[in-house]
Amino acid sequence: MEAGRVFIENSWQSPASGRTLSVIDPSDGREFARIARGGAEDIEGAVEAARRCFDAGWGRLAGFERGRVLMKVRERILDHAEELALTESRDCGKPLRQARNDVAACARYFEFYAGAADKIEGRTLPYAPEFTVLTIREPYGVTGHIIPWNYPLQIFGRSVAAALAAGNACVVKPSEDACLSLLHLAEWMAEAGLPSGAINFVPGLGVEAGAALAAHPGIDHISFTGSPQTGTRVAQAAAMHHHPVTLELGGKSPQIVFADADLDAAVPVIVNAVVQNAGQTCSAGSRLLVERGCYDEVLERLGAAFSRLRVASAHADSDCGPLIRRSQLDRVRGFLDEAERDGLVRVAQGQVETDAPAGGYYQVPVLLRDVPVGHRLAQEEVFGPVLAAMAFESEDDAVRLANATRFGLVAGVWTRDGGRALRVARRLRCGQVFINNYGAGGGVELPFGGVKSSGHGREKGIEGLLSFTTLKTIAIRHG
Ligand code: TXE
């Protein structure tokens, strides 16, 4: 990787601005690298390069040939797994074992979509007897990918591996807050045999490079993962050219615990679902709805678990690392100050290790109880290790509370009653429901995405692949 450069047509180039941005280590608040400050001109170059690649035949290559290249990308990722994990861990501030998991997941996306590249099928449709009608799926052409900082490798993998497998050429705008792992990948992807222009990286600020990519008339599709506010801007920009958009905008996902649940199984999973990546996870289980009959017991058990949680530098590989940046820490503290002002009860909290470097953005995990459903802590995405608990009285009440936010991404249901589990799952307004588990370990194969303000479109699984294709109907009249 060449620091401070953009990667276009398989080569490192100086950004048009000639400027760079500082990369801060969230564990100590100090600069440790610099990246390019790419902007509109670089995006222009990257989109043109991707178009040339697409027109030169990448999208017309046999699916199995694209798949073989993607499989080689997977091998390169695994060859460099530890190096990538160390980079991701430091850049994002995530504990090393979580970063290792992210590397493995990124490799799995390339493996999964490599294998699927030659299985993109159409259908034949019943129509008038003198016709044979068929559908074929084609790549869009040039796809734009705006990646956030919380899971750069995983979100890159789920979006870009699928787009490439479908035959698109990609322009990636990674996050200015954490993107070093992706810049490392650039060269290895070229070495794996991706043709020049199939993958282009333009790091830079969201308002510059990101906005330029979203508004570019030369892209055919854009996928975005980030905040609802920025998602609106991206969708507005894309609408000017009628480009399709996939939006994944986070959530306020509920964990619903019925009194008959296996609490020994549920409690550690509930803790992990809000503490993993310091709560900076789109699918974090950040609301806890517990049936009145076991509310006190669940809070007692969770309280004990929260008090044991330790926060430390990414490298220390503790329960929780720092938050990504100073403004994210301020945002989380703002929510907690509000909770305190409004008299919400703090059941328990974790502890920052005494040897955590000064200047890091550390936030202890916090468990709050009796949070009213209308309170901001029960409505808005905190994106920090904060769990808001409330009691419910009945199955209907649980469903009402679970659906009572503007988000709808993921939900967890904990019960030993199979009928109730499925009844509740069917009534929840969200994109994924986990019964007696949460997250299913990432689930590369499992379609993922939201409803309401959590966004629209699906990534992961075969649906994720199909969402990077457009459908053509061919009607043949043969008499
Ligand atoms: O997000 P942004 P931020 C949520 C989470 C967090 C909040 C703010 O609640 O606290 O968003 O985080 C690029 N045009 N999530 O400010 O701005 C930007 O460069 C085009 C949830 O970091 O949405 C980065 O690459 N692009 C989430 C990406 O958008 C623009 C993950 C995300 O940044 C742009 C991250 C613009 N005008 C935050 N402005 C999830 N769903 O997992 C910024 N960007």
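Below 10 angstrom from the Cβ of Glu291, what's the summed charge of the other residues (Lys, Arg +1; Asp, Glu -1)? Provide the component values of the computation, followed by the final result.
On the way: positive: Arg292; negative: Asp260, Glu393, Glu395, Asp397.
Result for the local shell: -3.
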Note on the chain: contact order normalised by length, alpha-carbon pairs under 8 Å, 6 or more apart, percent, works out to 19
Length-normalised contact order of segment 182-248, Cα under 8 Å, at least 6 apart, in percent, tallies to 27
Summing +1 per Lys or Arg and -1 per Asp or Glu among the other residues with Cβ less than 12 Å from Ala46's Cβ gives -2
Neighbours of Ser223 by Cβ distance under 14 Å: Lys/Arg at +1, Asp/Glu at -1, summed charge 0
Checked the chain with the C-alpha gyration tensor, a ≥ b ≥ c its square-rooted eigenvalues, rounded below a/c of 1.5, otherwise prolate if a/b is larger than b/c and oblate if not; verdict oblate
Only helices counted: for the chain, with every DSSP H run of 4 or more residues adding -39500 (n - 2.57) and the sum spread over all residues, [θ] at 222 nm is -11500 deg cm²/dmol
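Among the trypsin sites (Lys or Arg not before Pro) within segment 36-91, which fall in a DSSP loop and have no more than 13 other Cβ atoms within 10 Å of their own Cβ? Mind showing how you got there, number by number?
Details: sites: Arg37, Arg51, Arg52, Arg60, Arg66, Arg68, Lys72, Arg74, Arg76, Arg90; in loops: Arg37.
In loop regions of segment 36-91 (DSSP not H, G, I, E or B), there are no sparsely surrounded trypsin sites (Lys or Arg not before Pro).
Would you mind classifying segment 19-110 by shape? Square roots of the alpha carbon gyration tensor eigenvalues, ordered a ≥ b ≥ c; an a/c under 1.5 is rounded, otherwise it is prolate if a/b is larger than b/c and oblate if not.
Numbers: a/c = 3.91, a/b = 1.30, b/c = 3.02.
Note, shape of segment 19-110 comes out oblate.
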Under the rule rounded for a/c under 1.5, else prolate if a/b exceeds b/c, else oblate, using alpha carbon gyration tensor axes a ≥ b ≥ c, segment 254-443 is classed as prolate
Share of accessible surface on carbon and sulfur in the chain, whole %, 1.4 Å probe and ligands ignored, is 50
Residue-normalised value, i.e. accessible area per residue, for segment 6-249 at 1.4 Å probe, in Å², stands at 36
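Roll a 1.4 Å probe over the protein chains and send me the accessible area per residue for segment 390-479 in Å². Please list the in-between numbers first.
Details: 4110 Å² over 90 residues.
Per-residue accessible area for segment 390-479 comes out at 46 Å².
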Ignoring ligands and nucleic acids, Asp28 exposes an accessible area, probe 1.4 Å, in Å² to the nearest 10, of 40
Most packed first (mean Cβ within 10 Å per residue), the peptides 463-469, 302-308, 349-355 order as 463-469, 302-308, 349-355
For Lys72, the lysines lying under 30 Å Cα to Cα, once residues fewer than eight places off in the same chain are dropped, come out as Lys94, Lys119, Lys173, Lys460
The alpha-carbon center of segment 87-120 and that of segment 371-424 are separated, in whole Å, by 29
Cα-based Rg and Dmax for segment 204-247, in Å, come out at 9.2, 25
Counting only DSSP beta bridges with both partners in the chain, the antiparallel fraction in percent, to the nearest 5, comes to 40
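The values are calculated or read from the model by the stated rules, or taken from the named source; none is laboratory data. Just so it is clear, the model here is predicted, and its values are computed rather than measured. Cβ sites come from the backbone with ideal geometry, for glycine too, and all protein chains shown count toward neighbours. What goes into the accessible areas is simple: the full protein's heavy atoms, side chains included, and nothing from ligands, DNA or RNA. Shrake-Rupley method; radii C 1.70, N 1.55, O 1.52, S 1.80 Å.
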